[in-house]
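Novice: To start, I am sharing the structure in question, which I have written as structure tokens.
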Amino acid sequence: MATDPRWIDEHGNEIDEDHRGLVYDIRTLVDRRRALGLFGGIGVTALLAACAAPETTPTASAAATATTPSATATPTPSAAASGPVSEVPDETGGPYPGDGSNGVNVLDDSGIVRSDIRSSFGSSTTVAEGVPLTIALTVRDAATGSALVGAGVYLWHCDRDGNYSLYSRGVENENYLRGVQETDATGTVRFTSIYPACYSGRWPHIHFEVYSDVATAVASGPIVKTSQIALPPEANDLVYATSGYEQSVRNVSQVSLASDNVFGDDGGIHQIATMAGSVASGYTAALTIGV
């Protein structure tokens, strides 16, 4: 096979691999990881461009921004098959699913199919307070990487005080922070919510169930995948420093991804959301999963 002309020096000799530079190293790493399906939703082109770009001295504002999760771009999902992707681990739905498996069933209630899950629906209109959070979950076929279009996703999490609607004391008559959506043409659902608390014994997380379609979800039919999204420590620290999340500061200091009883087996490597935004403007937590 002919040598790529980029790796021929001015004398016509092939440049040794050890001296081809960072871009060559990154391309080699990308090719290997793509073959193993490890990059998921990361933009390979963006990674190479970043490595090839000349270094510049950041401005003071840019340097400050780079220290927060707001500097992380949210990946743009695509419907096209991208090759095998890692299957998200099966996880417990926990004691507060609200899907009929542990007492109350909210899935057959009129109003559960919605994108904005901040408020209760039905007899109550209480709105959960907290730092705004958009949750973007992209569902793909693990074997092919193709987007699962028209799948049903039921998502739920605790409120700013660590309570789960329908179950926890004082919010038994609320059903906020729960909803069902249909995946779009890119396999993505988006929920408008608030940043959940960290309660004692658990790393900050969001629960979800994937169904073949919305009709199956609201009928409490067979579940394709039950798992959880892990929220990254950098965003947790910034959110929990704000008013209303005081209890989370102590709780999150006593747990880690490695010690968590759900994420601890692998540190949540396939479940940690990519964050964009800020406390002031709200965050977006994005995750691509294989099922």
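The values are calculated or read from the model by the stated rules, or taken from the named source; none is laboratory data. None of these values were measured; they are calculated from a predicted model. A quick note on method: Cβ atoms are made from the backbone with ideal geometry, for glycine too, and the neighbour counts reach across all protein chains shown. Accessible surface areas use protein heavy atoms only, side chains included; no ligands, DNA or RNA. Shrake-Rupley method; radii C 1.70, N 1.55, O 1.52, S 1.80 Å.
Novice: Of all residues in segment 115-130, which are open to solvent by less than 60 Å² (accessible area, probe 1.4 Å) and on the phi > 0 side of the Ramachandran plot?
Specialist: Hit for segment 115-130 is Gly130, nothing else.
Novice: In the set Ser193, Ser220, which member is touching an Asp or Glu at 6+ places or on another chain (Cβ under 9 Å), over 20 Å from Glu87 (Cα atoms), of a type outside the set (Asp, Glu) and part of a strand (DSSP E or B)? If you could, list the steps in order and put the result at the bottom.
Specialist: On the way: Ser220 fails: part of a strand (DSSP E or B).
Ser193 is the lone residue from the list that is touching an Asp or Glu at 6+ places or on another chain (Cβ under 9 Å), over 20 Å from Glu87 (Cα atoms), of a type outside the set (Asp, Glu) and part of a strand (DSSP E or B).
Novice: For residues that are touching a strand residue (DSSP E or B) at 6+ places or on another chain (Cβ under 7 Å) and in a loop (DSSP other than H, G, I, E, B), scanning just segment 160-184, find the one that is most open to solvent (accessible area, probe 1.4 Å). Talk me through it step by step, then tell me what you get.
Specialist: Going through segment 160-184, the residues touching a strand residue (DSSP E or B) at 6+ places or on another chain (Cβ under 7 Å) turn out to be 160, 165, 176-183.
Adding the requirement that they be in a loop (DSSP other than H, G, I, E, B) leaves 160, 165, 176-177, 183.
Values: Arg160: 61, Ser165: 2, Tyr176: 15, Leu177: 0, Thr183: 4 Å².
The selected residue is Arg160.
Novice: Still on this structure: Do we find a residue being within 21 Å of Ala235 (Cβ to Cβ), modelled with pLDDT under 95, surrounded by 12 or more Cβ atoms within 10 Å (Cβ to Cβ) and among the hydroxyl-bearing types (Ser, Thr, Tyr) anywhere in segment 85-96?
Specialist: Looking through segment 85-96, none of the residues is within 21 Å of Ala235 (Cβ to Cβ), modelled with pLDDT under 95, surrounded by 12 or more Cβ atoms within 10 Å (Cβ to Cβ) and among the hydroxyl-bearing types (Ser, Thr, Tyr).
Novice: Being open to solvent by less than 20 Å² (accessible area, probe 1.4 Å) and either at pLDDT below 95 or of a type in the set (A, V, I, L, M) (or both) is the filter here; which residues of segment 131-144 pass it?
Specialist: Answer for segment 131-144, where residues must be open to solvent by less than 20 Å² (accessible area, probe 1.4 Å) and either at pLDDT below 95 or of a type in the set (A, V, I, L, M) (or both): Val131, Leu133, Ile135, Ala136, Leu137, Val139, Ala142.
Novice: Select, from Val153, Val131, Val127, Val113, the only residue that is more than 30 Å from Asn251 (Cα to Cα) and not small (Gly, Ala, Ser). Outline the logic, then answer.
Specialist: Numbers: Val153 fails: more than 30 Å from Asn251 (Cα to Cα); Val131 fails: more than 30 Å from Asn251 (Cα to Cα); Val127 fails: more than 30 Å from Asn251 (Cα to Cα).
Exactly one residue qualifies, and that residue is Val113.
Novice: So which residues in segment 250-266 are more than 11 Å from Trp203 (Cα to Cα) and in a loop (DSSP other than H, G, I, E, B)?
Specialist: Applying the first criterion (more than 11 Å from Trp203 (Cα to Cα)) to segment 250-266 yields 250, 265-266.
Asp265, Asp266 - these are the residues of segment 250-266 that are more than 11 Å from Trp203 (Cα to Cα) and in a loop (DSSP other than H, G, I, E, B).
Novice: Tell me whether segment 209-225 contains one or more residues that are closer than 21 Å to Arg140 by Cα, at pLDDT 95 or above, small (Gly, Ala, Ser) and buried (at least 23 other Cβ atoms within 10 Å of the Cβ).
Specialist: There is at least one residue in segment 209-225 that is closer than 21 Å to Arg140 by Cα, at pLDDT 95 or above, small (Gly, Ala, Ser) and buried (at least 23 other Cβ atoms within 10 Å of the Cβ).
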